[in-house]
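**Q** Here you go, one structure.
The values are calculated or read from the model by the stated rules, or taken from the named source; none is laboratory data. Computed from a predicted structure; not experimentally measured. As a convention, Cβ positions derive from the backbone with ideal geometry for all residues, glycine included, and neighbour counts pool all protein chains shown.
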């Protein structure tokens, strides 16, 4: 599976789940390709003639954007430890959310489940040298063993480093200068936020389907899934008639299956899914 393409300097860059990075010219001719030690889930980042990618082997890689020459790599994972995931070996702490760069600093995070640890670094993008790190936000509340999980791509908003956090937090928040976690410890084990997939312990929280209403009142919906490795479909639903009550958006796949078995039905038709 390929990442979305990135265009910079009249070149096209993309990567895949085999850990390969590709560079093409604007006519589609392959200029170079390079390899990392694990799957690449998010598009590479290009800055100042350099390309950066986070890999499921727990490392960040830097290459010369024009030639593909390797420049440096940095292990964000605290150690070399491998686990099988869907038939492939990856680090216990993959750099699965890509990297972001701001003010001459590269940010990356590694981890899967909070109880194994979530690790963040701030690096010099030219040399790969470590500027700051945070290895303590995986478990913010030892009382109930809750904390930050890396569940999405990194982004910078309102002067903070952020990403989807999973567990009892929707968004993980970090100070850009110190990498101090800005999320407060929480002792409850319940949460409610929007997600289309939650693979661990659904009994701990209530997860809402993702939906977006278009200008013509049709809706794009991605139902929440409580089934672990089973993904649901993105669906375009027809518009509700004027005055009709809204459907509940927390309907998960298992509930839809139950409805089919028991004869329950949902009135709106799917235009496509």
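**Q** For the range 97-192, list the strands (runs of 3 or more DSSP E) that sit wholly inside it and hold at least 2 residues that are more than 29 Å from residue 19 (Cβ to Cβ); which are they? Steps first, please.
**A** Values: elements: 99-102, 105-110, 119-123, 130-134, 155-157, 160-164, 171-175.
Those strands (runs of 3 or more DSSP E) span 171-175.
**Q** For the range 7-31, which positions are surrounded by fewer than 17 Cβ atoms within 10 Å (Cβ to Cβ), touching a strand residue (DSSP E or B) at 6+ places or on another chain (Cβ under 7 Å) and touching a residue at least 24 places away in the same chain (Cβ under 8 Å)?
**A** Matches in the range 7-31: 8, 16, 31.
**Q** From 23, 77, 113, which residue is more than 20 Å from the chain's Cα centre (by Cα) and in the same structural domain as residue 168 (by TED's automatic domain parsing)?
**A** On the way: 77 fails: more than 20 Å from the chain's Cα centre (by Cα); 113 fails: more than 20 Å from the chain's Cα centre (by Cα).
The match here is 23.
**Q** With on the phi < 0 side of the Ramachandran plot and in contact (Cβ under 8 Å) with a residue 60 or more places away in the chain as the only criterion, which of 105, 143, 136, 118 stands out? First the steps, then the outcome.
**A** On the way: 143 fails: in contact (Cβ under 8 Å) with a residue 60 or more places away in the chain; 136 fails: in contact (Cβ under 8 Å) with a residue 60 or more places away in the chain; 118 fails: in contact (Cβ under 8 Å) with a residue 60 or more places away in the chain.
Sole residue among the options that is on the phi < 0 side of the Ramachandran plot and in contact (Cβ under 8 Å) with a residue 60 or more places away in the chain: 105.
**Q** In addition: Condition first: more than 18 Å from residue 122 (Cα to Cα), in a loop (DSSP other than H, G, I, E, B) and in contact (Cβ under 8 Å) with a residue 12 or more places away in the chain. Now tell me which residues in the range 58-80 satisfy that.
**A** 65, 66, 67, 68, 80
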